[in-house]
Amino acid sequence: LLVVKAEATWCKACKKVAPFYESLAAAYADKHVAFATLDIDHAEDLAIKFAVSSVPHFLFFDPANLDNPSVSFVGSSEADLQAHLDKCLA
């Protein structure tokens, strides 16, 4: 599983959820989950490709299909992020 957090340096909600996102990366390191970030101001082409219209925007990719996320959601709720991650791993 690849989890991508689309963010922007000016986004307060992105900064708020960043420590939790980093803690998830550490907690799931041995569970075949990779975590990445995407700065939408530096990768506008990818933001457009994945329909990122607001941030933070989380994209969950199956390693067999990196062209389209299997799940995505917008928001900074730690509980929602955890629930989406757990659902993808179920």
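Are any residues in the stretch 1-60 touching a Cys at 6+ places or on another chain (Cβ under 7 Å) and among the aliphatic types (A, V, I, L, M), and if so, which ones? The answer is L1, A8, V55.
Among residues of the stretch 43-56 that are farther than 14 Å from V4 by Cβ, those with a beta-carbon under 7 Å from a residue that is β-branched (V, I, T) and at pLDDT 95 or above at least six positions away or on a different chain give the pairs S54/V74.
The values are calculated or read from the model by the stated rules, or taken from the named source; none is laboratory data. Because the structure is predicted, anything quoted here is derived from the model rather than measured. Cβ: placed from backbone, ideal geometry, glycine included. Neighbour counts: every protein chain shown.
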